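Notes follow the structure.
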Amino acid sequence: MTDTGPREPRILLGIGFMMLAASFFPVMNGLVQWLSPRYPSEQIIWARISGQFVMMLALMLPGAGLMVFATRRPLLQIGRSFCQLSSTSLYFVAIATVPLAKAAAIGFLAPFIVALLAWPLLGEKPQLRRMLAVGAAFAGVLVVIRPGDDNFQPASLLILASSSFYALYQVLTRKVAPHDSAQTSTLWSSVVGCVVLTILVPFVWVTPATTADALAFLALGVLATAGHYCVARAMSYGQAAVISPFQYWQIVGSVLMGVAVTGLWPDWGTWAGAAVIIAAGVFMAVTEGRRRQG
């Protein structure tokens, strides 16, 4: 009989870190939705991206110095950074009007887009079960968005575009991983956003009107850094196939934050579509894990 005792606490710790990350992100998105009616999107996005960049820089520079920026694949890193900026920008603009739970449900499509892009960009042959999961996830997103319905929100399509850019970001991260360290890639992911938005922000800047607003801007970078750190820690404690499905805990935080900010509960389509997407994600994670073990 195999002794799995020592491994179980590590798996549970990984699940705990993933659920913690999935709790940080909805709070960050809730602050974005709260700030959006009063401040330009460019300023909010700048606070999120530059805040994370400054925090990571403060953590890494003492140990690695400026060499942490050294990359063997500069074009790939610039491409990753552009995708991160595009994904964040589209998402933040969208959640100014799209309910957080609906945005989170649509955003769950990103792993399935990665599965599609992995074939042409990474040479990973498509598996039938993977494609079935992808098809089910897209069906779930259609239930959430409901194009043609009276409740259709065009801004929901921005979430789809955001998920596509985020999926491409993940694929490019895989491609650059053999060449650059994780620390280098972490810093480079924010470089384009910091440069572009730091140039734009002075033209649209609105000084925070209250201490609460200023603290909310600061919290965006802190929450983003904490969330991504927890994801990295979670993946170090177990297989992605086991840990990743627990990112769906984010739907709970998104519902709670959405109610706190707007007072609105998700409609039936959001619940039903999210259930389909989550079921497809768990199915893909389990089948991918079994295939790799086999």
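The values are calculated or read from the model by the stated rules, or taken from the named source; none is laboratory data. This one's a predicted model, so the numbers in the text were calculated from it and none came from an experiment. Note that each Cβ is placed from the backbone with ideal geometry, even for glycine, and that neighbours are counted across all protein chains shown. Surface accessibility is based on the protein's heavy atoms, side chains included, excluding ligands, DNA and RNA. Shrake-Rupley method; radii C 1.70, N 1.55, O 1.52, S 1.80 Å.
Worth a mention:
- Qualifying residue in the range 139-156 (condition: more than 21 Å from residue 228 (Cα to Cα), among the polar types (S, T, N, Q) and not in a loop (DSSP other than H, G, I, E, B)): yes
- For the range 72-86, the count of residues that are open to solvent by 40 Å² or more (accessible area, probe 1.4 Å), in a helix (DSSP H, G or I) and free of Cβ contacts under 8 Å to residues at least 40 places away in the same chain is at least one.
- Count of the range 7-55 residues, restricted to those that are over 14 Å from the mean Cα position of the chain (by Cα), part of a helix (DSSP H, G or I) and charged (D, E, K, R), is 4.
- Verdict on residue 146 being touching a residue at least 60 places away in the same chain (Cβ under 8 Å), basic (Lys, Arg), open to solvent by less than 50 Å² (accessible area, probe 1.4 Å) and at positive phi: yes
- Every pair of residues 6+ apart whose Cβ atoms lie under 8 Å, when the first sits in the range 149-174 and is over 17 Å from residue 83 (Cα atoms) and without any contact (Cβ under 8 Å) to a residue 60 or more places away in the chain while the second is of a type in the set (Ser, Thr, Tyr) and outside any helix (DSSP H, G or I): 153/97
- Residues of the range 158-215 classified as among the acidic types (Asp, Glu) and within 29 Å of residue 106 (Cα to Cα), total: 1
- Out of 14, 30, 51, one residue alone is farther than 23 Å from residue 182 by Cα, touching a Ser or Thr at 6+ places or on another chain (Cβ under 9 Å) and either surrounded by 16 or more Cβ atoms within 10 Å (Cβ to Cβ) or not basic (Lys, Arg) (or both). It is 30.
- Tally of residues being over 20 Å from residue 251 (Cα atoms) and open to solvent by 20 Å² or more (accessible area, probe 1.4 Å) across the range 119-140: 14
- Filter result for residue 220 (part of a helix (DSSP H, G or I) and either crowded, with 18+ Cβ neighbours inside 10 Å or touching a Lys or Arg at 6+ places or on another chain (Cβ under 7 Å) (or both)): yes
- Verdict on residue 244 being modelled with pLDDT under 85 and either surrounded by fewer than 18 Cβ atoms within 10 Å (Cβ to Cβ) or in a helix (DSSP H, G or I) (or both): yes
- Residue within the range 248-263 that is touching a Gly at 6+ places or on another chain (Cβ under 7 Å), buried (at least 20 other Cβ atoms within 10 Å of the Cβ), assigned to a helix (DSSP H, G or I) and aliphatic (A, V, I, L, M) present: yes
- Selection within the range 198-219: residues that are over 10 Å from residue 39 (Cα atoms) and aromatic (Phe, Trp, Tyr). The member of this set that is farthest from the chain's Cα centre (by Cα) is 203.
- Reported count of residues in the range 90-118, each being within 14 Å of the chain's Cα centre (by Cα) and open to solvent by 30 Å² or more (accessible area, probe 1.4 Å), is 3.
- Residue in the range 281-294 that is open to solvent by 70 Å² or more (accessible area, probe 1.4 Å), modelled with pLDDT of 90 or more and part of a helix (DSSP H, G or I) present: no
- Filter result (outside any helix (DSSP H, G or I) and open to solvent by 40 Å² or more (accessible area, probe 1.4 Å)) within the range 264-280: 264, 265, 267
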